């Protein structure tokens with residue numbers, strides 16, 4: 001009896017597993033004989049089960065078998081959403097660009113363009129690493145704002161650009177500090193000047209001026225240090241970096257005396 005119960009249990013489990021697998025089809029299970037509705041239903045089931053990549057692949061079958069149809073257009077948008085949910089950034093970028101190319105005037109085009117930017121933005125890493133993805137995200141978001149200025153996604157893009165620019169400024173500052181600590185004030189100065197000239201709207205701007213003061217004092221060009229200090233007073237009179245710069249200049253004068 002025990003053996004029979006075990007066999008029955010195994011059979012029931014196998015049937016349930018088979019049924020579960022059968023409910024979520026592969027993209028290859030669909031062909032030109034499948035209806036758009038059948039394909040979409042299969043993609044939706046995969047998405048519900050958090051099988052995002054499979055869901056996207058199935059949605060793309062609608063575009064393959066029913067190109068330029070309303071179902072195809074909708075399925076491409078759903079594929080974009082699925083790839084985004086699955087963090088498949090290369091696929092997300094590719095399909096998003098495809099949608100914008102096919103339907104540049106569609107109401108969903110700004111969303112697709114935004115997702116191109118997000119495919120880079122969500123790969124931004126810490127300031128100590130290469131910022132290629134950061135620059136690419138700024139480029140894509142800027143194009144979105146230019147092409148679809150009235151879209152709600154343009155507002156989101158502006159916020160993300162601000163974050164991305166802060167990231168770039170942060171990297172320049174990190175590298176500049178690194179050079180300064182290793183007695184290479186000229187290399188450090190170039191980094192701090194980049195932040196001053198290109199990222200004046202970021203939180204790193206006051207520190208960049210302070211570091212410029214510090215770098216010029218190390219180099220021995222006090223006149224330039226004073227000019228940077230004057231800029232710091234005008235722009236951020238109450239900043240801690242202004243106080244630190246003042247202290248640094250006073251210490252430098254005491255040493256000279």
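The values are calculated or read from the model by the stated rules, or taken from the named source; none is laboratory data. These numbers were taken from a predicted model, which means no experiment stands behind them. Cβ sites come from the backbone with ideal geometry, for glycine too, and all protein chains shown count toward neighbours.
Being modelled with pLDDT of 95 or more, within 30 Å of the chain's Cα centre (by Cα) and more than 24 Å from residue 121 (Cα to Cα) is a property that holds for residue 71.
Scanning the stretch 116-133 for residues that are modelled with pLDDT under 95 and assigned to a helix (DSSP H, G or I) turns up 132, 133.
Filtered by the rule that a residue be surrounded by fewer than 20 Cβ atoms within 10 Å (Cβ to Cβ) and modelled with pLDDT under 95, the stretch 52-65 gives 64, 65. Checked against the criteria, residue 158 counts as surrounded by fewer than 20 Cβ atoms within 10 Å (Cβ to Cβ), under 22 Å from residue 200 (Cβ atoms), at pLDDT 95 or above and not assigned by TED's automatic domain parsing to the domain that holds residue 59.
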